[in-house]
Amino acid sequence: AEDLLETMSELFGPLRGGLSISVVIVGALLAASTGIVGATTVTMGLLALPTMLRRGYSPEMAAGTIAASGTLGQIIPPSIVLIVLADQMGISVGSLFVGALLPGVMLAGMYAAYVVGVAIFNPAAVPALPPEERERLGWPLLRKVGLVLVPPLALILVVLGSVFAGIATPTE
């Protein structure tokens, strides 16, 4: 999670609000990897909050981005909440996972769009990463992004792919 956040912040660093957008993306990836809200929120809070505050983000924006991104674990499969909800409603967990995937991704997109809006209307709340803090540029940065994204994306693909394909049950 730490490598992923650092790499994403380097990728989006030149943009105002780039660190917040990175938090949203990493929050969505952690949500799809763990399915637990608390784990995502605590991890992002420990990793991102001090960095965001140190780089001049407003405390409200930093805490709000982390809290909102942490809640993605409730809707993005494999969410524990969706498993409990499916049991209570008497419907298939797999079909609830399929139905929640697009709204979860859309919600993450709306969070990122909100950050862009704040960057336009209140740029002081979400400063860009200073040029001296951006170590890699060009191909080295894209290579690092690829290396850091492969493990969580592979995990998500294997877990959700096996559930959606009917190879494994959601509780497995």
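Of I66, I120, I36, which has the largest mean-square fluctuation in a 10 Å C-alpha GNM of the chain?
I120
Restricting to DSSP loop positions (anything but H, G, I, E, B) with no more than 16 other Cβ atoms inside 10 Å of their own Cβ, which GluC sites (Glu not before Pro) remain in the stretch 86-166?
Here the sparse-neighbourhood loop sites are E135.
If one puts a single equal scatterer on every Cα of the stretch 78-163 and applies the Debye formula without solvent, what log₁₀ I(q)/I(0) results at q = 0.11, 0.12, 0.15 Å⁻¹?
For the requested q values the scattering log ratios are -0.56, -0.65, -0.87.
Could you state how much accessible area D3 has, in square angstrom rounded to the nearest 10, with a 1.4 Å probe and all protein chains kept in place?
Here the accessible area works out near 90 Å².
When only DSSP loop residues count, what trypsin sites (Lys or Arg not before Pro) in the stretch 94-161 have their Cβ near at most 14 other Cβ atoms within 10 Å?
Sparse-neighbourhood loop trypsin sites (Lys or Arg not before Pro): R136.
Taking springs between alpha-carbon atoms closer than 10 angstrom, which of P123, P140, P103 fluctuates most in the Gaussian network model of the chain?
Comparing P123, P140, P103 in the GNM, the peak value goes to P140.
Build a GNM of the chain with springs between Cα atoms under 10 Å: which of A119, A31, A48 gets the top mean-square fluctuation?
Among A119, A31, A48, the largest GNM mean-square fluctuation belongs to A119.
Please compute the alpha carbon radius of gyration of the chain, then divide it by the globular-protein estimate 2.2 N^0.38 Å. Two decimals is fine.
1.08
In degrees, nearest 10, range 0 to 90: what is the angle between the Cα axis of helix 2-12 and the longest Cα principal axis of the chain?
60 degrees
If I ignore ligands, DNA and RNA and count only protein heavy atoms, how much of T169 is accessible to a 1.4 Å probe, in Å² to the nearest 10?
70 Å²
The values are calculated or read from the model by the stated rules, or taken from the named source; none is laboratory data. Bear in mind that the values here come from a model prediction, so they are computed numbers and not experimental data. Counting neighbours? That spans all protein chains shown, and the Cβs are built from the backbone with ideal geometry, glycine included. Please note that ligands, DNA and RNA were not included when accessible areas were found on the heavy atoms of the full protein model with its side chains. Shrake-Rupley method; radii C 1.70, N 1.55, O 1.52, S 1.80 Å.
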